[in-house]
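Just below is one structure, and these are the notes that go with it.
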Amino acid sequence: MRSISSAFIAIALCMAPAAAVSSQDSQSNDWELINTNRGNTVAAAAQFDNGITLIARCQNRQAFDLLIGGLPDSSAKRRTLQVGVGENSRMRNVEWLSGADRKSAFSLYPMSLARDLMRGGTIRIRVPGQNGAPSTLYVMETEPSVTAIAETLTACDKPLVDPRDARETEMLEELPADIEWARRPMPSPDAIGNAATHLETYVVVSCLTAEGGALKDCRIESANPFNERINRIVLDASRNGRLRLKESGEAPLPDREISYAVPIFIS
């Protein structure tokens, strides 16, 4: 177990998103609870001997993030890692936004992944190789985080248990292979323009399918950077979305979970 330096935490908490397998193992580790900025930031952090750091954080009681640091360098804006939590868990594809340092990344599904990490046990993270290089598999052991991660979720009013987690779907910001948009939900450009505070915002939404291809129970999975007004506009637009099966054109069965991304650019 490595002690997490205050300097590292200060940097990490301020970060913004911007054939053979090599294996790097680490010994068991505990999560450390950190309160900074007069309580406006609550974070749970674990740093491992193999160089990987995981940080779950809540900022201003609204924005919940899950950050991984110590990854191999990548120039891609988004990257897909395979993640498994628990000894016998299936490794799922999880999409991330790259950090400004190109060695860190922010999960597009931070709440679900944080709840997985709360259970502790074996964490496996496979990073694809680039330009023909082999992938890297990080294997780490953690204790259950009954306090630290739970406090970060609670600080942002996020549930500690969610029935959707049991579906174990891929954490990708794209529709299932057999489904397409009959009408894609598009936020009003005027409303977005009035609410935007950054030139680029990336929002990921998950919903359940409803009768007639409509969407229901939609929620924001992540927003980088966080903007409550834009989140509301994106959720309002989800009511206009309609889905259909690619082959038949019929509506998909109800209660399937789908996700989609809303990239916003202000010129």
| Considering only the stretch 90-106, how many residues are under 22 Å from G121 (Cα atoms), touching an Asp or Glu at 6+ places or on another chain (Cβ under 6 Å) and either of a type in the set (F, W, Y) or in a loop (DSSP other than H, G, I, E, B) (or both)? | 1
| task | Give the stretch 85-98 a look and list any residue that's within 21 Å of F64 (Cβ to Cβ) and of a type in the set (D, E), or say none. | result | E95
| said: Where the second residue is assigned to a helix (DSSP H, G or I) and the first is among the aliphatic types (A, V, I, L, M) and lies in the stretch 233-248, which pairs have Cβ atoms under 8 Å and are six or more apart or on separate chains? | reply: I233/A191; I233/I192; I233/A195; L243/G213
| query | What residue, of E87, E141, is part of a loop (DSSP other than H, G, I, E, B), under 24 Å from D49 (Cβ atoms), open to solvent by 30 Å² or more (accessible area, probe 1.4 Å) and in contact with a Gly (Cβ under 8 Å, 6 or more places away or on another chain)? | reply | E87
| query | open to solvent by less than 20 Å² (accessible area, probe 1.4 Å) and under 19 Å from N35 (Cα atoms): does that describe A105? | reply | no
| note | Within the stretch 33-85, the residues that are of a type in the set (F, W, Y) and within 14 Å of T142 (Cα to Cα) are F48
| task | Collect the residues in the stretch 27-67 that are open to solvent by less than 20 Å² (accessible area, probe 1.4 Å), modelled with pLDDT under 90 and not in a strand (DSSP E or B), keeping them in residue-number order. | result | none
| Among strands (runs of 3 or more DSSP E) lying entirely in the stretch 157-264, which contain 1 or more residues that are modelled with pLDDT of 95 or more and open to solvent by 70 Å² or more (accessible area, probe 1.4 Å)? | 179-183, 215-224, 242-245
| note | Scanning the stretch 99-128 for residues that are within 19 Å of G69 (Cβ to Cβ) and out of contact with any Leu (no Cβ under 9 Å at 6 or more places or on another chain) gives A100, D101, D116
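The values are calculated or read from the model by the stated rules, or taken from the named source; none is laboratory data. All figures in this text were calculated on a predicted structure; none of them were measured in a lab. In this analysis, Cβ positions are derived from the backbone assuming ideal geometry, glycine residues included, and neighbour counts consider all displayed protein chains. With ligands, DNA and RNA removed, areas are computed over all heavy atoms of the protein, side chains included. Shrake-Rupley method; radii C 1.70, N 1.55, O 1.52, S 1.80 Å.
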